[in-house]
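Please treat every number below as a calculation from the coordinates, not as lab data. Since we're looking at a predicted model, the values are computed, not measured. All Cβ positions, glycine included, derive from the backbone under ideal geometry; neighbour counts span all protein chains shown.
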Amino acid sequence: MPERIYLCQPIAPGRIEGRLCELYPQGRLAREEGAFARPEEEARHFRREVAQLARELRGSVQQLEAEAMWAEANIMRTHVALLEDNHFHHRVRELIEIGRQPADEAVEQVLQEVTAAMNDSGDARMAERAADLRDLAEQLTDRLLGHGVDMVEAVAGVESPILAMPELLPSAVLKARSVGVRGFVVMRGTTLSHAAILAKSFGLPVGRVTALEELEAARHPRIVLDADNGRIILEGPEVERSTAARAAAGKPAAVPELPVKLWLSVVDPDQLQGVDWTGVAGVGLYRTETLFIQQGRDLPDEQTQAAVYRRLFEACGRRPVVLRTADLGGDKPVASVSFGPQENPYLGVRAHRLFRFHPEILTTQVRAALLAAAGEHRLRLMFPMLETLDQWYFVQHLVRRAVNSLREEGAPMPGDFEQGLLVETPSAAWGFREFLDVVDFAAVGTNDLVQYFFAVERDNANVAQLYRPEHPLMLRLLSRLARLARWAGKELSVCGEIAADPAMGPLLMGLGIEHFSISPPQLDRVRQTLASTSLQDSRQLARRCLKCRTADQVRELLGLPAIGDLETPAVLPAGQAVDPVCGIILQTAESDFNLLVDGRRYYFCSRRCLRRFHHG
């Protein structure tokens, strides 16, 4: 079959090869006449299925939180809130008990009413929430009828399945991870949808086409989904050549040589299963607080921690492992610890500040890490959120206490290990030269550093456009850190979202960053991105960006849209709403001004916005 190329709109980036599988709704099964004659039974059936679905979604929330995917967990919390909305329950029961409709028809009607109102609102964010309602409607009605389209069945026995479906939905993305789906081709969905955000987080490419029928030439055709460049290649020589070459070699395609080193960022040792270590230096960031969050009402003891860390070291062999000590607090609270009254948790008790009250948390963790690394394993301890050398000396005192206690016990431990700094505060960046005199290595935690540098809460949708890692001021800071580390002969890596950003990677390389720590699903894409740009071109790009004065000037050089042209984020956690007049996002529980119109409640930031809305 000759090669056929179709254009697609990239929804989530990435490039993969696989077999196309269809997941289309086949229509509802016919309902037996009179099977839903008793409204009280239908109401109980509705409550039971809603409660079960809500429990499953809460399980997804816990799983995502355990993987440190806080924004993604917030998405699923929003779905739970929609299911538990009082108005939704009241309206469904009304249609069942008064209108004598079956539960599935009542659910569909109510959610269609709300979806229509959202689509007609003219607000892009509300339109994105409508996709969530359609997702919940499909899940609920399938449950109420006792049938549905089975993703497991659709991909069974298919190598590297790429799923074709009408719309990208959050539930499908969540399930895709567990059944081996590697990407999606859809007809509906945007880059701002909740489902797209989940797909990006999980490293699942998504491309949008105008019609799926054109791709149905054969059963499970082999395709290349190139969501980086916006194209789909169906059954052609390019696919067959690349597949045949790998089969003949008996191994994956050659890994490109890079002028930088790649490391992996993980939250659980299981993420390293099946990892191709070719060209990977080791684990550049293991976020240990995930283990603390999973423990629930108690902190993990030394034995529990040592067992988990040992799995990590065994998976890595003799490769270095950077173990970040527990960064509890801020956006990572744990049920087993109370952090006291805090107006702003990001500026309150977190990381080493908690150790001032509970030093045993750090000493226990260090002991567990040393016990797990005994033998030929290479342990690197990294301390987050330090502001000055005072904090470095404080944590060093606790580390020595842990080391001495193990020596006194005669416990096995590594003969040597390295200790480093995670630069996340402006003061640590300002005092970096002094830190380099005492640390063995360093990393830049760009997520928090950018937040504190610009005094912008990165998860606050109202100020998200001020969170600008590509701003010339931040680029000059990163360039300075790289230069100081190079002069001191100390290794400096970058972790955080920008390390895996295709637009930022070549720029960071040009700024002098030589080590990138990224999550396993992002590995292939980052390799290809960095391999496609020469070091000379990267340095030239960096020089031009450093001369800029605004973030928009940098974005133009990177081929990105201006900040003012960016779409408004779609993610609205449960309990938040958009003022339809000024566009500010509000906490509904704290809003004193609201208005009920045609069964829909609107929230306003002030009486002035309410009056303007009311009077047109």
Q: Would you work out if segment 413-456 is rounded, prolate or oblate? Take a ≥ b ≥ c from the square roots of the eigenvalues of the alpha-carbon gyration tensor; rounded if a/c is under 1.5, else prolate when a/b is larger than b/c, oblate otherwise.
A: oblate
Q | Potential lengthening between Ser427 and Thr304 on full extension [0.36 nm per residue; Cα-Cα distance subtracted] | A | 40.8 nm
Q) Around Arg231, which amide H atoms from residues at least 5 apart in sequence, or from another chain, sit under 5 Å from its own amide H, with H modelled in the peptide plane? A) Cys8, Asp226
Q: Sort segment 261-423 into rounded, prolate or oblate with this rule: let a ≥ b ≥ c be the square roots of the eigenvalues of the Cα gyration tensor; rounded if a/c is under 1.5, and if a/c is not under 1.5, prolate when a/b is larger than b/c, oblate otherwise.
A: prolate
Q) If you take the square roots of the eigenvalues of the alpha-carbon gyration tensor of segment 470-616 and sort them as a ≥ b ≥ c, do you get rounded (a/c under 1.5), prolate (a/b over b/c) or oblate? A) prolate
Q: Along Cα→Cβ, 7 Å out, is where each label goes; now give me the distance between the ones at Leu473 and Asp598 in nm to one decimal.
A: 4.5 nm
Q | Where labels lie 7 Å past Cα in the beta-carbon direction, separation of Gln273 and Glu159 in nm | A | 2.2 nm
Q.
Could you tell me the calculated FRET efficiency between Thr388 and Arg38, based on Cβ-Cβ distance and R0 = 60 angstrom, to the nearest 0.05?
A. 0.30
**Q.** Local electrostatic count, Leu484, Cβ distance below 12 Å [Lys/Arg +1, Asp/Glu -1]
**A.** +3
**Q.** Whole-angstrom gap from segment 314-391 to segment 36-58, using each part's C-alpha centre
**A.** 43 Å
Q. Which far-off residues, 5 or more places away or on another chain, put their amide H under 5 Å from the one on Ser493, with H placed in the peptide plane?
A. Ala442, Ala443, Val444
Q) If we count every other residue with Cβ under 10 angstrom of Val450's Cβ, Lys/Arg +1 and Asp/Glu -1, where does the sum land? A) -2
Q: Hey, can you grab everything whose amide H is under 5 Å from the amide H of Val206? Only 5+ residues off in sequence or another chain; H modelled, so Pro and N-termini drop out.
A: Ile11, Ala12, Phe184
